[in-house]
1. Place a label point 7 angstrom from the Cα of Ser45 along the Cα-to-Cβ direction, then list the residues of the stretch 360-382 whose backbone nitrogen is under 20 Å away.
2. Please report, in whole Å³, the volume per residue of the convex hull around the C-alpha atoms of the chain.
3. Let's test this: bin the Cα-Cα distances of the stretch 87-155 at 5 Å from zero up to the farthest pair and state each bin's percent.
4. Give the Rg (one decimal place) followed by the Dmax (whole number) of the stretch 148-228, computed from C-alpha coordinates and expressed in Å.
5. Of all alpha-carbon pairs in the stretch 18-175, indicate the percentage at a distance above 26 angstrom.
6. Which shape class applies to the stretch 293-378: rounded if a/c is under 1.5, otherwise prolate when a/b exceeds b/c and oblate if not, where a ≥ b ≥ c are the square roots of the Cα gyration tensor eigenvalues?
7. At a temperature of 25 °C and a viscosity of 0.890 mPa s, determine how fast the stretch 198-259 diffuses translationally according to Stokes-Einstein, using the Kirkwood radius over alpha-carbon pairs as Rh; express D in µm²/s, rounded to the nearest whole number.
8. Tell me the net charge near Leu192. Cut-off is 12 Å between Cβ atoms, Leu192 excluded, with +1 for each Lys or Arg and -1 for each Asp or Glu.
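Only the coordinates and a few stated rules stand behind these numbers; no lab work does. All values derive from a computational prediction rather than experimental measurement. Cβ placement follows ideal geometry from the backbone for every residue including glycine, while neighbour counts extend to all protein chains displayed.
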Amino acid sequence: MKKWNASGVALLFILGIASAGAWGQQDPGPRPGPAAAGGPYPTLSSNEQYFFNQALLRFQEVDAVQGPSAGLGPTFNGNSCTMCHAQPAIGGSSPGLASPQNPVPNPQVALANLEGAINFIPSFITATGPVREARFIQNADGSADGGVHGLFTIAGRSDAPGCTLAQPNFPQQLAANNVIFRIPTPLFGLGLVENTPDTTLRANLAATASARAQLGIGGSFNSSGNDGTITRFGWKAQNKSLLMFAGEAYNVEIGISNELFPNKRSAAEGCVFNPTPDDASIIYNENTGSSNYSSTIGTVSEMSSDIVNFAVFSRLAAPPTPAASTPSTLNGSNLFNKIGCALCHSPSLTAGASIYTGMGGVTYSPFSDFALHHMGPGLADGISQGAAGSDQFRTAPLWGLGQRLFFMHDGRTSDLLQAIHEHGDPGGCGEQFGRHRFGFGQQNCGSEADGVIRNFKTLSPSQVQDLLNFLRSL
């Protein structure tokens, strides 16, 4: 995590961030009004809409250690999907007090001691900050870690008698600069992303190769180690499908074992209270006409596991709806293309054929190429996932940006102008997260966005404001 000090503040001033107010440039902030996302794709059949609605209900379940929604822990970061994916509506990104739609404090603060739990609240979890997960860069022996370390344990909870599992020593790990953070990514419109052919993604990247090269922008795809196809979900595009994305999150963030991840994490003695997996599909017995949970067969949603429902919710959710255009946002859109933002944040892609009504062949606007790009030492997190190295991140989709509260992979800022500047690389190779710490080669010392940021800095104050207004209209 980047350390801010007096010299860092001075640098921000030089970049124009601290003086933004004097120039009249400022992030308009999260867009008010109704949430422009959260519903089903509009062309779905009645059966598909029903499945979406039932999946949405499952997505909102609150999990406990024992009882009807059993399986929480032994370590966890949240107790429901909606705790993390809530802004501006269910399925979005981190909630927060600055939300015009639903201002709430970070729910992780109250979760720490829910049901009698005896967790301390790590310093990086605050009421005004984003929902976060923590990953350790290295193990104690110096080997690569990179995994999520649960913020809390079930020790002390009334539904976890006898469990004494301790939390990780976050103060010690923070002092050793061994902790990095991630915030939740929005789920809206991801069925279109999942259904976009690899050939389309590769052609889209190839179409801008010459223009990208002129600005020093590369780009490559992460891929599955099994079949070689493009992976596209997660901050480093580490997950292949929405089902894999859901299964991993259920296991890592909530601690619930499932059909994709059938073993408990941190399964300390005295802290496992249910047979595994915690989450499974209902098995229908054709001979008796019953399932293993009820005397009559249920709906497809009822018989499917939680993770199948979570994937269906994401798959059938409509993309965010942008705000109506204004002269300012139209000019901002032109500037977005002119200075090179659109070379990575692709304005449109086309999905392939689909089994879902009206979702095949749809051209949509994710503002992402879903490729990996080197972002330099200032953003590097020391974590490698698949082909994504320490400073490589998937181009974050910008649709829905207008109603988000926190930016960058670690939620380091709520200011869109600062987030833009963070794409550049003012620190060079010698910074904390540079090549000396993470083994960067010389060719990867800077950010691929440096050329675009140089163009951005040539804009007039009014042009900068138009660009910010455009981004907040998405």
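1. 360-362
2. Values: hull volume 73.4 nm³, N = 474.
Value for the chain: 155 Å³ per residue.
3. 3, 16, 19, 18, 18, 14, 7, 3, 1, 0
4. Calculated on Cα positions, Rg and Dmax stand at 21.6, 62 Å.
5. 44 percent
6. Values: a/c = 2.95, a/b = 2.14, b/c = 1.38.
Prolate shape, in that a/c is at least 1.5 and a/b is the bigger ratio.
7. On the way: Rh = 13.5 Å.
It comes out at roughly 181 µm²/s.
8. Numbers: positive: Arg232, Arg315; negative: Glu194.
Net local charge, Leu192 excluded: +1.
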